[in-house]
Structures are given as C-alpha cells and as structure tokens.
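What follows is a single structure, written as structure tokens, with notes after it.
The values are calculated or read from the model by the stated rules, or taken from the named source; none is laboratory data. Worth saying up front: this structure is predicted, and the values here are computed from it rather than measured. Positions of Cβ are generated from backbone atoms using ideal geometry, with glycine treated the same way; all protein chains shown enter the neighbour counts.
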Amino acid sequence: MPVILNRAMLATLVLLAACASPRYQTAYRYEPPADPAAAPCLEQCALAQRDCQSRCSEAHQACLKTIEPGVESAYAEALKRYAGDLDRYRSDLDRYRFNLWLGWGHGYWGYDPWPPYYMSMITATPPSREVIRNQLAREKCDADCGCLGRHDACFIGCGGSKVEETRCIANCPPQ
C-alpha cells in the first residue's frame, strides 16, 4: 500500500509543478536617436502625444456623460429582471416545500421532482448600477484613440527605435 501512496504523491507533485510554469510579460523600451539634432523632432512627438491624450480623455469623458440616461434605464430593466427572478425563485421554493409536505421528492413513489442541486442554482443576484455603467462604458465609449501608435511612428521617424523585451514576471527559472 505505501507504494501506491508514494506514486499518488509523486503524481500530485508532478501536476502541481506543471501548474507553476513561468509567466512572461512583453515590455517596450524606447531608444532615442544618437544624433542630438533629433531632439526637436522628439519634442514634437511628445507634444503631439500629450495633445492626443488630452483630446482622447476629453472625448471619453464627454461620452461617459452621454451614457448616463442609458445607465438608469438599463439599471431599471435589470431591477425588473431581478424582481422576476426573485418571484420565480419564491414560486419554485413554495412548490418545492409543498412537494416535500406531500411526501414527493423522497423517492416515495420513485419520483424526484427536485434534484438537491436545483435549489442552490436558482438564487438571483441583485444588479449593480456601477457594473451596468462600466459595461455600457466599455460598449459605447472607446478609450483607445490610437495615440500610442502615432507616437511610435513619430518616434521611429525621428530616428529612434522601439525595442521589444520579454521578461519573466512569475515562477521564473533560476539563471
């Protein structure tokens, strides 16, 4: 018997070791051009990046303001669905209790109308206004305006380079 236990422990350790594989993250490093005459060009790129980001931020904030009426209506609809789910749960629970009172569901006639797992599956969760707002913001308000791509093209156009680096961030192998 100890041999089987040792093999089971070994198999468990192998499975756990397989789960602990290294995780990597890709990062980018910007290397400016060696020519000092490119400094004004790089400054223009940085200025354009700041302008793009501020315009993008303003547009995103304006979009968030326009979705507020939609948030309220979506939240009201979610509350109605939640109320319907609760009513259905109450009705199902009353029917379940009545069936138990009649003796059904105990295998009395070989009939099990309510499997034991059923009651735990039908509980409803209340809606959250914040979750609905975030979902609508993701759907309707694009937060990416393409500023990074333009900045990268400008930076490379000035003679700089963008270097991709992959780094281990978790469960790293020894070096």
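What's the total number of residues in the range 147-175 that are assigned to a loop (DSSP other than H, G, I, E, B) and without any contact (Cβ under 8 Å) to a residue 12 or more places away in the chain?
Taking the range 147-175 and keeping what is assigned to a loop (DSSP other than H, G, I, E, B), we get 158-160, 171-175.
Checking which are without any contact (Cβ under 8 Å) to a residue 12 or more places away in the chain leaves us with 174-175.
Final tally of qualifying residues: 2.
Evaluate the range 52-67: report whether one residue or more is of a type in the set (Gly, Ala, Ser), part of a helix (DSSP H, G or I) and more than 30 Å from Gly146 (Cα to Cα). Within the range 52-67, not a single residue is of a type in the set (Gly, Ala, Ser), part of a helix (DSSP H, G or I) and more than 30 Å from Gly146 (Cα to Cα). The residues on offer are Leu100, Leu136, and the sole one that is of a type outside the set (D, E, K, R) and at pLDDT 75 or above is Leu136. Of all residues being closer than 14 Å to Gln135 by Cα and among the small types (Gly, Ala, Ser) in the range 57-107, which is farthest from the chain's Cα centre (by Cα)? Just the residue, please. Only one residue tops the list, namely Ser73.
Take the conditions in contact with a helix residue (DSSP H, G or I) (Cβ under 8 Å, 6 or more places away or on another chain), more than 28 Å from Glu165 (Cβ to Cβ) and at pLDDT below 90 and apply them to Thr12. Does it pass? For Thr12, the condition - in contact with a helix residue (DSSP H, G or I) (Cβ under 8 Å, 6 or more places away or on another chain), more than 28 Å from Glu165 (Cβ to Cβ) and at pLDDT below 90 - is not met. The residue that is farthest from the chain's Cα centre (by Cα), counting only those in the range 44-56 that are among the polar types (S, T, N, Q) and surrounded by fewer than 14 Cβ atoms within 10 Å (Cβ to Cβ), is Gln44.
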